[in-house]
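Values in this text are rule-based calculations from the coordinates and carry no lab data. Nothing here was measured: the structure is a model prediction, and the numbers come from that model. Using ideal geometry, Cβ is built from the backbone for each residue, glycine included, and neighbour counts are taken over all protein chains shown.
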Amino acid sequence: MSSPIEINSIYPPDRLVIPGLYVKDLKGVLVPEGLIKDRVSKLAEEISSKHYPNDLLAVCVLDGAMRFFVDLLYNEHMLAPVTEVETLKAKSYEGKESTGKISISGFDFSKVKDKRVILVEDILDTGTTLDKVTKEILVHNPKCLEVACLLDKPSRRVTPVNVDYCGFVIPNEFVVGFGLDFNGNYRGLKHICVLKEEVYRTEKK
Ligand code: 5GP
Ligand code: MG
């Protein structure tokens, strides 16, 4: 598998197309839409070359990974047959802070038995969420389990987690856009953007 692309610079928000409503809340753009699109296609190609022509069960970790999940699985470069799609809800964040306590709901884990499973997550931060979800899947005896994650913030890791397909390694910034939210806002931004600190400080959790 290809190594993730390391992102180290932030583009000023006035240099790319961002809805005016959001510009004042953003420190800048970390991963522009075009780069996300190309990298997601590459991950789709890599998953296909590994698994084609075997059937896959793809599991989306809601809510943040929904956009990545759709772009990855319905990508023109995804040739492996994704015959089953499922979702689960994992909640750890309150506002900007990970609570460390993960609640998982909405998924019947017994469905993974003897299946080739791809778990799709938006961002790997402390690692607590993926650690808990992958362990729970493995208890139910899938044929194999792989993890695809769009973003990784390695500097925040508390629990080590193995990721098979990773899009980008990013600095320790709170990001929104491309499906990632802050208290329900900013999901619709096309680029992955960094939220200004004053937004999390002033907004009620
Ligand atoms: P972990 O359990 O690895 O600490 O956190 C994973 C979850 O926290 C992710 O699936 C995501 O929902 C949320 N998260 C972590 N970092 C960020 C971030 O920078 N922005 C947003 N919007 N969510 C984040
Ligand atoms: Mg997530």
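On a straight-distance basis, which aspartates and glutamates could pair with residue 143 in a cross-link, Cα separation under 13 angstrom, same-chain partners fewer than 8 positions away excluded?
Correct list for residue 143: 55, 114.
Most fluctuating residue of 87, 129, 159 in a GNM of the chain with Cα springs under 10 Å: which is it?
Greatest mean-square fluctuation among the candidates belongs to 159.
Can you compute log10 of I(q)/I(0) for the range 6-155 with the Debye formula, treating each Cα as one identical point scatterer, at q = 0.11, 0.13, 0.17 Å⁻¹?
-0.48, -0.66, -1.05
Long-range amide H contacts for residue 182: which residues qualify at under 5 Å (H placed 1.01 Å from N, peptide plane, sequence gap of 5 or more or a different chain)?
187
How much length would be gained if the chain were fully extended between residue 46 and residue 79, taking 0.36 nm per residue of separation minus their Cα-Cα distance, in nm to one decimal? Please report the intermediate quantities before stating the final value.
Details: separation 33, 0.36 × 33 = 11.88 nm, distance 0.98 nm.
Additional length available on full extension: 10.9 nm.
Where in the range 1-26 is the amide nitrogen less than 17 Å from a point lying 7 Å along the Cα-to-Cβ axis of residue 197?
Flagged as within label range: 10, 25-26.
How far is it, in nm, from the label point at residue 38 to the one at residue 5 when both lie 7 Å from their Cα along the line to the Cβ?
0.5
Taking the alpha-carbon distance from residue 27 and a cut-off under 12 Å, which aspartates and glutamates remain once sequence neighbours fewer than 8 residues away in the same chain are dropped?
Straight-line reach from residue 27, under 12 Å: 14, 173, 197, 198.
Among 79, 124, 65, pick out the residue whose Cα is farthest towards the positive end of the charge dipole of the range 1-160, where Lys and Arg carry +1 and Asp and Glu carry -1 on C-beta, about the Cα centre.
124
Could you list which residues have their amide H under 5 Å from that of residue 174, counting only those 5 or more apart in sequence or on another chain, with H placed in the peptide plane?
195
Can you work out the Karplus-derived ³J(HN,Hα) for every residue in the range 111-123? Use 6.51 cos²θ - 1.76 cosθ + 1.60 with θ = phi - 60°, whole Hz, and x for glycine or proline.
5, 7, 3, 6, 9, 8, 10, 10, 9, 10, 10, 7, 8
Cα-Cα over 27 Å: which of 91/135; 89/135; 50/190? Intermediate results must be reported in sequence, preceding the final value.
Values: 91/135 16 Å; 89/135 15 Å; 50/190 29 Å.
Flagged as over cut-off: 50/190.
Along the range 81-92, what does the Karplus equation 6.51 cos²θ - 1.76 cosθ + 1.60 (θ = phi - 60°) give for ³J(HN,Hα), rounded to whole Hz, x for Gly and Pro?
x, 8, 8, 9, 10, 9, 10, 9, 10, 10, 10, 10
Which ³J(HN,Hα) values in Hz, rounded to whole numbers, follow from the phi angles of the range 174-181 under the Karplus curve 6.51 cos²θ - 1.76 cosθ + 1.60, where θ = phi - 60° and Gly and Pro get x?
7, 10, 9, x, 6, x, 8, 10
Provide 201, 156, 39 in ascending order of the number of other Cβ atoms located within 10 Å of each residue's Cβ, fewest first. Can you show the working numbers first?
Values: 201 8, 156 13, 39 18.
Least crowded to most crowded, the residues run 201, 156, 39.
Please list the non-local residues whose amide H lies under 5 Å from the amide H of residue 151, H modeled 1.01 Å from N, same-chain partners needing a gap of 5 or more.
Excluding prolines and chain starts, which carry no amide H, the hits are 123, 124, 167, 168.
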